[in-house]
Amino acid sequence: MGQPHPGLVMNRGGNSNWRGEEFNLMGIDRRTFLKGLGTGIAVAVPGSSLLTGSLHAKEVVAGKEFMGVLVDTTRCIGCRSCEMACAEAHGMPVPDIGDTSVLEKTRKTSVTQWTVVNRYKTDKGEVFAKKQCMHCNQPGCVSACLVNAMKKRTDGAVTWDSNCMGCRFCMISCPFDIPKFEYNSAAPKIQKCSLCWERLTKGQKPACVEACPAEALAFDTRRELIEEANRRIYRESGKYVSHIYGEREVGGTGYLYLSGVPFEQIGFRTDLGTTSYPEFSKGFLYSVPIVLLLWPAFLIGVNTITSRKDELQSREGGKR
Amino acid sequence: MNTVIAAEEKRELKDIAVFIRSELKPKGKLLTPFNIISAPIILLGAILVVYRLVKGLGAVTNLSQEFPWGIWIGFDVMVGVAFAGGAYVLTFVVYILRSDKYHSIIRATVLNGLLAYVFYAGAIFLDLGRWWNIANPLYGNEFGVNSVLFLIAWHFLLYMIAEFVEFSPAIAEWLGMRKLRKFLGSLTVGAVVVGIALSTLHQAGLGALFMMAKGKVHPLWYTEFIPVLFFVSSIFAGLSMVIFEGSISHRVFSDKISHEEHAAYDDMLVGLSKGCAVAMFVYFFAQVLIFIHGWHWALLNTPMGYWYLTEMIGLVAIPCFLFFQGVRYRNLLLIRTAAILAMIGIIINRLNISIIAFKWWIPFSERYFPSWMEIVITLAIILTEVWVFRWIANRMPVFGKSPAWAAETH
């Protein structure tokens, strides 16, 4: 009496209120058991830290709504004021927007250009489209980042921080190929549009939105922007194709686009689907804790069985 | 009695420093053809590594915004880790299934696995733009637990420790530390269990890195089953490497290997080939199923389709068949050919997913092709690993028998 049930002792681990010789469950001696338990813990601890909860980026965080930008490409005049404002706001080389020769080529964002305006030849003539980070609701880059340097802020901005390791997994994982890496620097950074997060925290609009002279850019909550976009499509059904790019693409994005021509014609991928990118690696991540718990249990089991066999053989004096 | 042993240990500890100093000196000839070729490459590689750290990745590599990962990831890490898979497969066979047949090659295989992780997974360090932050995922500014790469970073570290523990009895035997040897030997099975669990996940995890590259990896290669395929292929990649590496080292270190082991070696090769053949068959079958379910028939009649067929038939189905034939006729030439083909298949597969079939629409002129400096650094990493392997194998009981006192405790 007074001795705790062996099962309870098992759970309490470090409790010293028991005598070793009583601890003999299922014929496993204490030493073997503790060894197995140690192995189990060694596996389970790193395993539990890898248990995937919900994704960091949720559509609604702490009662706040994601902010976004609606780009109406039917209104864009290709003046590139947004490019200039962006460069000024973030201390990057300011482009000469009087020089229209850059529009000859389709450009991509770069380490010194977080946003670019491209000109596309379409069924309805020349159309301009601004490109930058889409600020996904559930960004691939954020779930790719192993140090949380890439963050989805509560107001919807996807930002980069300097605790980054420079592994460039975010670049692999971005469906829009937005993060750009400073290859020619010994202390390289990832460069991408931050939705002017610093300005947002001060209650200001993104610089590009403020600079747009044609009201092609609108800044608001994502919900309001989708309503506004739908209103425009209903009112002027001939003017727009009936699709808001970014409403559902890759699970929804902060930047939303309206267009008068099919989106392929103005340089958008329309084959990305509506599943958010972090979902694609979720299956694997969910298997991690399962494998880390079941596999060692199985291996220890097999190991124990094979050793018993040896024991029996030697006890019977059998041939080996 | 006890005091005698204690005194013995004390004296040993004092001698160990002297012993290590004597062991550090090179054994054997310095000016061998291998050394003459490899030393300058290693030296040049070391200079380039410094250059890369000072000037940034762009100065040394051909990486671009379109191709963020080159051969340091696609070859060094992806292929290196797959080839190191032999360690977890063989430790499973030897320590879990307790098949004594392969006991004589277990240490060489574990050592190879350990060094592969140190050097090839270590290549990640060179590839990190902000390498001084390499420890961030470990002590955590913040843990990116949703990242597959977070899992891989942790697993690489833990697996290296597990492999080191598995190999450590050899170090203790080398130093003649009996008590330590006994203690480390008792850890082996635990390390093996942890090691196998970790290997399963990070071998698959390397494939899972490309899950979010949907739309960038050619549909013939992109499947939600890439992680499973990576795991299954690491089984025969690892075993093929054991066959290939063993064929070389059995010549190089033949003086250390006892006569009986030489005789048993052919048997072992046939056994390993059986494992390869079955694993490859499973892999091939899975690939066929995935292909049929993917409904990509039209893609076969494109240049990428021909390349896909080359990989699947030439570098999976054929070596698989050769392994089966090699086992059937106990033909070592067939077995070695199969192993080399299977290894080429793994190299091509990992490069396809990370580089060749990655953004396949980009024209040839704008595609990533490794710079000579990337190749030299990769060669230097491989050659340094061989040097370290040789240094250890020449000193510790890797191929040769353990000292008599250790065999008793084993």
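Restricting attention to the range B:285-350, which trypsin sites (Lys or Arg not before Pro) occupy a DSSP loop and are surrounded by at most 15 other Cβ atoms within 10 Å?
B:Arg330
If we count chymotrypsin sites (Phe, Trp or Tyr not before Pro) as exposed when they sit in a DSSP loop and have at most 10 other beta carbons within 10 Å, what is the longest stretch of chain B that avoids them all?
With chymotrypsin sites (Phe, Trp or Tyr not before Pro) excluded where exposed in loops, chain B gives B:1-294 as its longest stretch.
Counting partner chain Cβ atoms within 10 Å of every residue's Cβ in B:189-196, what's the average?
6
Nearest 10 degrees is fine. How inclined is helix B:318-329 to the longest principal axis of chain B, computing both from alpha carbons?
40 degrees
Based on DSSP H runs of at least 4 residues, each adding -39500 (n - 2.57), what is the mean residue ellipticity at 222 nm of chain B after dividing by all its residues, to the nearest 500 deg cm²/dmol?
About -22500 deg cm²/dmol.
With the cut-off at 18 Å, tell me which of the pairs A:Lys131/A:Lys180; B:Lys179/B:Lys256; A:Lys151/B:Lys216 have Cα atoms farther apart than that.
B:Lys179/B:Lys256; A:Lys151/B:Lys216
Taking the Cβ of B:Tyr117 as the centre, find all other residues whose Cβ is under 14 Å away and add up their charges (Lys, Arg: +1; Asp, Glu: -1).
Combined, the nearby Lys, Arg, Asp and Glu give -4.
I'd like the distance between the alpha-carbon centres of the range B:174-232 and the range B:251-284, rounded to an integer number of Å.
Spelled out, the Cα-based centre of one part sits 22 Å from the other.
Please identify, among B:Val118, B:Val93, B:Val18, the residue showing maximal mean-square fluctuation in a Gaussian network model of chain B using a 10 angstrom Cα cutoff.
Per the Cα network of chain B with a 10 Å cutoff, B:Val18 tops the list.
How long are the semi-axes of the equivalent ellipsoid of the range B:42-409, defined as square roots of 5 times the Cα gyration tensor eigenvalues? Whole Å, largest first.
So the three semi-axes of the range B:42-409 are 33, 26, 19 Å.
Only Lys, Arg, Asp and Glu count, each charged at its Cβ (+1, +1, -1, -1), so figure out the dipole size of the protein assembly as shown about its Cα centre, rounded to 20 debye.
960 debye
Which GluC sites (Glu not before Pro) in the range B:66-169 pass both tests, a DSSP loop state and at most 13 other beta-carbon atoms within 10 Å?
Passing both the DSSP loop test and the Cβ count: no residue.
Show me the trypsin sites (Lys or Arg not before Pro) within the range B:19-63 that DSSP assigns to loop and that have at most 11 other Cβ atoms within 10 Å of their Cβ.
B:Lys27, B:Lys29
Against the empirical 2.2 N^0.38 Å scaling, what ratio does the C-alpha Rg of the range A:201-253 come to?
With N residues counted in the range A:201-253, Rg over 2.2 N^0.38 Å equals 1.28.
I want the local charge near A:Thr201. Using Cβ-Cβ distances under 14 Å, sum +1 for each Lys or Arg and -1 for each Asp or Glu among the other residues.
So the surrounding residues net to +4.
Which one of B:Arg130, B:Arg367, B:Arg390 has the biggest mean-square fluctuation once chain B is modelled by GNM with Cα springs under 10 Å?
Result for chain B, Cα springs under 10 Å: B:Arg130 fluctuates most.
By how many degrees, 0 to 90 and rounded to 10, does the Cα axis of helix B:103-116 deviate from the longest principal axis of chain B?
Rounded to the nearest ten degrees, it is 60.
By how many degrees, 0 to 90 and rounded to 10, does the Cα axis of helix B:332-351 deviate from the longest principal axis of chain B?
Orientation of helix B:332-351: about 60 degrees from the principal axis.
Any read-out appearing in this document is the output of simple, stated calculations on the displayed coordinates, not a laboratory observation. Everything quoted here is computed from the prediction, not taken from an experiment. Note that we place each Cβ from the backbone using ideal geometry, even for glycine, and neighbour counts take in every protein chain shown.
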